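Here is the structure we will look at.
The values are calculated or read from the model by the stated rules, or taken from the named source; none is laboratory data. Computed from a predicted structure; not experimentally measured. No Cβ is skipped: glycine too gets one built from the backbone with ideal geometry, and neighbour counts run over all protein chains shown.
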Amino acid sequence: MPEQLELFAEKPDEADDYVTVARIGDIADGLGRPYEVGNRVIAVFRRGDEYFAIDDFCPHQGASLAGGQLEGCMVACPWHYWRFDVNDGRWLDSPKIKIDTFSVRVVGQLIQVRPQPCNTSE
């Protein structure tokens, strides 16, 4: 079940549509965590000081991609090892298939995600 931090559940500012999902230190290096953002669940991954956000649900059978380990720019579905690039959402075994990616930023100690996808998976 994705974590929802009530402390951070504020609505986006009218001029700023990013939503705070976590704090620095909440996501271990090389791993991801699922967060409810609007009506979606988004997996946020950390690699060093960088953060990446993708649709949390694998299109194969709906597994949480946040449960996969990040290796370079690739995360593998923990159920059947479908591999996705966290930069652009490409399925690495068939790049014509994509999942949504989301912009991430860090403001002070807060990790924020923009709820609108950067790309469209359709």
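Observations on the structure shown:
- Any hit, region 77-88, residues being among the polar types (S, T, N, Q) and touching an Asp or Glu at 6+ places or on another chain (Cβ under 9 Å): no
- Remark: pairs (first residue in region 32-46, β-branched (Val, Ile, Thr); second residue surrounded by fewer than 18 Cβ atoms within 10 Å (Cβ to Cβ); Cβ separation under 7 Å; 6+ apart in sequence or on different chains) = Val37/Pro115; Val41/Pro2.
- Contact map, region 82-95: first residue under 16 Å from Gly30 (Cβ atoms) and in contact (Cβ under 8 Å) with a residue 40 or more places away in the chain, second residue surrounded by 14 or more Cβ atoms within 10 Å (Cβ to Cβ) and not small (Gly, Ala, Ser), Cβ cut-off under 8 Å, separation 6 or more or different chains; pairs are Val86/Phe45; Val86/Phe52; Val86/Ile54; Val86/Leu70; Val86/Cys73; Val86/Met74; Val86/Val75; Val86/Thr101.
Conditions tested, residue by residue: (1) at pLDDT 95 or above; (2) assigned to a strand (DSSP E or B); (3) surrounded by fewer than 20 Cβ atoms within 10 Å (Cβ to Cβ); (4) out of contact with any strand residue (DSSP E or B) (no Cβ under 6 Å at 6 or more places or on another chain).
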residue	(1), (2), (3), (4)
Ile42	yes, yes, no, no
Tyr51	yes, yes, no, no
Gly62	no, no, yes, yes
Ala66	yes, no, no, no
Phe84	yes, yes, no, no
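- Any chance Val75 is part of a strand (DSSP E or B), over 25 Å from Asp17 (Cα atoms) and β-branched (Val, Ile, Thr): yes
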